[in-house]
Amino acid sequence: MTDYRAALFDLDGVIVDTAVHHFAAWRQTAAELGFSLADEDEELLKGVGRMDALRIVLGIGGVEVSEDEQQRLAAEKNARYVEAISTITPDEMLPGAREYLVSLRDRGVLTALGSASRNAPMILQRLEITDLFDAIIDGSVVSEAKPNPRVFLAGAEALGAAPADCVVFEDAIAGIQAAHAGGMIAVGIGEPEVLTEADVVIPGLHAAGSLSAQGIEFVGSR
Ligand code: G6P
Ligand code: MG
């Protein structure tokens, strides 16, 4: 049994189901360019920063465009995404997410957000959970995309915690790799068949109560 002092959370797919809106917006980009994305492609785009995600989409279609056109396509995708999420409410948080964050904080466990999304602060505000994080590291603070560990290392640093004190909650393969590259344990949120590199996999934060039985225990240090 190991005791951890800090919990670092990805946003999309862990706290709120925005992944579906990201993918829908990329599908329109592909359609505009004359090809389509397969359902399996969604996994490749999770956790990856906006411009890197665009490059993945272009690669799938075998399409090459100028730097200016890349900027335009990314801006257009973001406008569609922002429009889609502009009406989200606290009710749309994934089951158990709010409750788990509150229970960790009640026990004095440090919490940080580590998301590649530049839209993260706006989403936290709309979900009314900004106050549940001691530190917020988003795509505008750190530009290196997961699987680069920078976003989580910056989160740990902001909390004053060592990587070995942190547990990362992630739904993306790239995010689990980022946690490991940073020397942190990774709890996968999703399917064990997909998140094969995670240390433990649970279906969602509603099931986080089972982590202590799997050797992951938090201690307060606030
Ligand atoms: C998250 C999502 C990715 C998305 C990235 C950038 O990590 O999982 O699918 O590409 O954020 O999001 P943004 O809102 O900045 O375009
Ligand atoms: Mg995610």
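Taken together, the values in this text are just the output of simple stated rules run on the coordinates, not laboratory data. Quick caveat, the model's predicted, so the values are computed rather than measured. Ideal geometry is used to build each Cβ from the backbone, glycine not excepted, and the neighbour counts take in all protein chains shown.
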_Chain lengthening between T87 and R222 when straightened (0.36 nm per residue, less Cα-Cα)_ = 45.2 nm
_Estimated [θ] at 222 nm from DSSP helical runs (n ≥ 4, -39500 (n - 2.57)) normalised by residues in the chain, nearest 500_ = -12000 deg cm²/dmol
*asked:* Using amide H atoms built in the peptide plane, which far-off residues or other-chain residues are under 5 Å from Y4 H to H?
replied: E217, F218, V219
*Return the inverse of the average 1/r over all pairs of distinct C-alpha atoms in region 77-215, which is the Kirkwood hydrodynamic radius, in Å to one decimal.*
15.5 Å
*Under the Kirkwood approximation for Rh and a Cα-based Rg, what ratio Rg/Rh is obtained for region 1-142?*
1.03
_Calculated from backbone phi, Karplus (6.51, -1.76, 1.60) coupling profile of region 55-70 in Hz, x at Gly/Pro_ = 4, 5, 4, 4, x, 4, x, x, 10, 10, 9, 5, 4, 4, 5, 4
*Please give the net charge around D106, taking every other residue with its beta carbon less than 12 angstrom from that of D106, where Lys and Arg add +1 and Asp and Glu add -1.*
+2
*Scan around G49 for amide H atoms under 5 Å from its own, H built in the peptide plane at 1.01 Å from N, and keep only partners 5 or more places away or cross-chain.*
K146
*L33 versus A162: modelled label distance in nm, points set 7 Å from Cα along the beta carbon direction*: 4.5 nm
*asked:* Per residue of region 34-40, what does 6.51 cos²θ - 1.76 cosθ + 1.60 with θ = phi - 60° give for ³J(HN,Hα)? Whole Hz please, x for Gly and Pro, Karplus curve as stated.
replied: x, 9, 10, 9, 7, 3, 5
_Kirkwood hydrodynamic radius over Cα pairs of region 19-85, then Stokes diffusion coefficient at 20 °C and 1.002 mPa s, in µm²/s_ = 183 µm²/s
*Got a sec? How would K146, K77 order by Cβ neighbour count within 10 Å, fewest to most?*
K77, K146
*Once you have the Cα-Cα distance between R55 and E191, take 0.36 nm times their residue separation minus that, and quote the gain in nm to one decimal.*
46.4 nm
*Take D10, D134 and order them by how many other Cβ atoms sit within 10 Å, fewest up front.*
D134, D10
*Please compute the net charge surrounding M184, taking Lys and Arg as +1 and Asp and Glu as -1 over other residues with Cβ under 11 Å from its Cβ.*
-3
_At a 10 Å Cβ-Cβ cut-off, how would you order Y100, Y4, fewest neighbours first?_
Y4, Y100
*Net charge near E32: determine it from the other residues with C-beta under 13 Å of the C-beta of E32, scoring Lys and Arg +1 and Asp and Glu -1.*
+2
